[in-house]
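We did not get these values from a lab; they are worked out from the coordinates using the rules stated. This one's a predicted model, so the numbers in the text were calculated from it and none came from an experiment. Every residue, glycine as well, gets a Cβ built from its backbone with ideal geometry; the counts of neighbours run over all protein chains shown.
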Amino acid sequence: MSSGNIYDTTMGTKERKDEHLALFKQFDLTVSGSTNGFEEWEWIPAETAELRFDAIDPSLSFLGYTISFPLMIAALSGGSDEGNTLNEALAECAEIERIPLGIGSVRSFLENHTGLSVLQGLRNIAPHIPLITNIGIAQLRDLHIRNEIVTLTLDGQFDAIAVHFNKIQELIQPEGDTDFTGIMDALSTLVEKSDIPIIAKQVGHGFSGNDIRQLWQAGIRYVDLGGRGGTSWARAERFRKGDHIEKDPFDVWGLTTAHCLKTALEQCPGMLCIAGGGIHSGHDVAKGIALGARLCSTANTIYQAYLKNGKEGILKTLRNMRTILKQIMFLTGCPTYTTFHNNPTILRQSRD
Ligand SMILES: Cc1cc2nc3c(=O)[nH]c(=O)nc-3n(C[C@H](O)[C@H](O)[C@H](O)COP(=O)(O)O)c2cc1C
């Protein structure tokens, strides 16, 4: 893609989005043996704590809404017919379960103006949850795109804008943008112009401590760490190009979600961290929250549940995650989100 004109692509964003959805139907795009790093921590049981399981309350406040537990569905897609159907199903389920929903890159919606009404229709399906719109950092340098995304958020349909960082994905993608000059200026301009929070989001390869400091410097106060341990976008783009060899060193590029979380909180204790990347179960959600993430995010696990069993599959997966989180809160003696969140007394590093 030329960096001068974001619509000047050899393949439209909509088609690429559909190819991604198809790819994840066909292949496992996680890397065998690559983990999110949370397994290095083990729970400390609280046998003497006096509490009742049915009084355990994992709800919290996020972006002005009360959400039922600390998990969000991360951006999965949008802009194509298939992506729109998926987003509508996700919005219905997220509304029922009262958790935030991230929508896929707005670029494909902007390229196709009828898409914008679909995007805005998601608010009617999900009036009681945070809805987060999304754009890539490389595309954000385009002034037209920046203005469009700010305009899109003026009517209160969205509660935050996620800006995704995906350097290795763009590098491996045949039509990817490999010019990242000027990205941090574009980001600070968006922070200044936007009335709603900006979430800097990685997509499965993680942010380093230095990245977190630079993001803070640019005015960012929310990050989805998108660490290694789940979907590998290096692998996904390699497979999309038809290179199906089992392993490539770039598949495991980056930092685990657990490492990113620890580093981010050390570097910028004020940063609100969302632990995303390889969050597959309630056990992962619980570890992320106890280690200091405000909430966790999950993407491909939800997509796979949808592929197997549609909306029922999504609801079952979310309910199961919430139940496991509550069970761990009960077993560690924490009746509320506040007592469980960022609590060093309930976990120990098992390699100690
Ligand atoms: C099919 C699919 C499409 C995605 N599309 C987007 C997107 O448009 N924008 C974005 O920021 N992230 C996108 N992601 C990345 C996820 O939001 C998430 O950051 C990443 O997959 C890591 O989480 P996971 O290990 O739970 O899958 C997509 C993921 C999948 C599986």
For the stretch 23-349, shape from the Cα gyration tensor axes a ≥ b ≥ c, cut at a/c of 1.5 then a/b versus b/c, turns out rounded
Under the helix-only model (-39500 (n - 2.57) for each DSSP H run of 4 or more, divided by the residues of the chain), the mean residue ellipticity at 222 nm, to 500 deg cm²/dmol, is -13000 deg cm²/dmol
Connecting every pair of Cα atoms under 10 Å apart in the chain and solving the GNM, the largest mean-square fluctuation among Asp54, Asp81, Asp224 falls on Asp54
Here the relative contact order (percent) of the stretch 16-151, from C-alpha pairs under 8 Å and at least 6 apart, is 21 percent
Taking placed amide H atoms and a strict 5 Å upper bound, the residues 5 or more places from Gly230 or on another chain that come that close are Gly278
Pseudo-spin-label distance Leu315 to Ile245, built 7 Å along Cα→Cβ, given in nm, is 4.6 nm
Computed over the stretch 23-349, the relative contact order (Cα-Cα under 8 Å, seq sep at least six) in percent reads 24 percent
A chain fully extended from Leu307 to Ala55 at 0.36 nm per residue, minus the present Cα-Cα distance, gains in nm 87.3 nm
Rounded to one decimal in nm, the spacing of the 7 Å Cα→Cβ label points at Arg221 and Asp179 is 3.4 nm
Net charge (Lys, Arg +1; Asp, Glu -1) of residues whose beta-carbon lies under 10 Å from that of Trp43, Trp43 excluded, is +1
Whole-Hz Karplus couplings 3J(HN,Hα) for the stretch 182-191, θ = phi - 60° and coefficients 6.51, -1.76, 1.60, Gly and Pro as x, run x, 5, 6, 5, 4, 5, 5, 5, 4, 4
If every Lys and Arg gets +1 and every Asp and Glu gets -1 at its Cβ, then about the Cα centre the chain yields a dipole, in debye to the nearest 20, of 480 debye
When the chain is treated as a Gaussian network with springs between alpha carbons less than 10 Å apart, the largest mean-square fluctuation among Gln267, Gln173, Gln217 is found at Gln217
Taking the chain, the lysine pairs whose C-alpha atoms sit under 12 Å apart (8 or more places apart or on different chains) add up to 4
Counting only backbone N atoms under 17 Å from a point 7 Å out along Cα-to-Cβ of Glu15, the residues of the stretch 67-88 in range are 79-83
To the nearest 20 debye, the stretch 179-312 has a Cα-centred charge dipole, built from +1 on Lys and Arg Cβ and -1 on Asp and Glu Cβ, of 300 debye
For the stretch 188-229, whose charge dipole is built from +1 on Lys and Arg Cβ atoms and -1 on Asp and Glu Cβ atoms, the candidate among Ser208, Val223, Leu190 with its Cα farthest towards the positive end is Ser208
Once phi for every residue in the stretch 91-105 is put through the Karplus expression 6.51 cos²θ - 1.76 cosθ + 1.60 (θ = phi - 60°), the whole-Hz ³J(HN,Hα) values, with Gly and Pro written as x, are 5, 4, 5, 5, 5, 4, 8, 6, 10, x, 10, x, 9, x, 3
Of 180-189, 207-216, ordering from highest average Cβ density within 10 Å down gives 207-216, 180-189
So the FRET efficiency between Glu47 and Gln157, C-beta based with R0 = 51 Å and rounded to 0.05, is 0.60
Karplus ³J(HN,Hα) for the stretch 62-78 (6.51 cos²θ - 1.76 cosθ + 1.60, θ = phi - 60°; Hz, whole; x = Gly/Pro) runs 8, 6, x, 10, 8, 10, 6, 7, x, 9, 10, 7, 7, 3, 10, 4, x
By the C-alpha gyration tensor axes a ≥ b ≥ c (rounded if a/c is under 1.5, else prolate when a/b exceeds b/c, else oblate), the shape of the stretch 243-325 is oblate
